[in-house]
Amino acid sequence: MGNIGLWQLLIVLVIIVLLFGTKKLRNIGGDLGGALKSFKKAVNEDDAGKSDSEAEQKKISAEQDAQFKESEKTDTKSDSKSDK
């Protein structure tokens, strides 16, 4: 019941061509191809945007860590001077 053979596919294809015509099917194929191309482009741009955003976040985090370490050093120096 679940096996579809070559002949069944050809019959379905002939019926579709008879109903819609080759010109309309060609237009539908072109529209579908354009939609897929746009979708792939949007996905790639979204992935690139995420990568840029993640890199920016890492850079900001590294800068904040460096500032925090510098402030710890100055606090430690001032604490050791006040202890003496």
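The values are calculated or read from the model by the stated rules, or taken from the named source; none is laboratory data. As the structure is a prediction and not an experimental result, all values here were calculated from the model. Protein only, heavy atoms only, side chains kept; ligands, DNA and RNA dropped before computing areas. Shrake-Rupley method; radii C 1.70, N 1.55, O 1.52, S 1.80 Å.
Multiply the residue gap between Leu6 and Lys37 by 0.36 nm, knock off their C-alpha separation, and tell me the result in nm, one decimal place.
Once the chain is fully extended between Leu6 and Lys37, it gains 8.2 nm.
Let a ≥ b ≥ c be the square roots of the eigenvalues of the Cα gyration tensor of region 12-69; is it rounded (a/c under 1.5), or, if not, prolate (a/b larger than b/c) or oblate?
Prolate.
Heavy-atom accessible area of Leu32 with all protein chains present, probe 1.4 Å, nearest 10 Å²?
110 Å²
Could you compute how much accessible surface Glu63 exposes when probed at 1.4 Å, giving the result in Å² to the nearest 10?
We get 90 Å² for Glu63.
Which ³J(HN,Hα) values in Hz, rounded to whole numbers, follow from the phi angles of region 22-30 under the Karplus curve 6.51 cos²θ - 1.76 cosθ + 1.60, where θ = phi - 60° and Gly and Pro get x?
5, 5, 5, 5, 5, 5, 5, x, x
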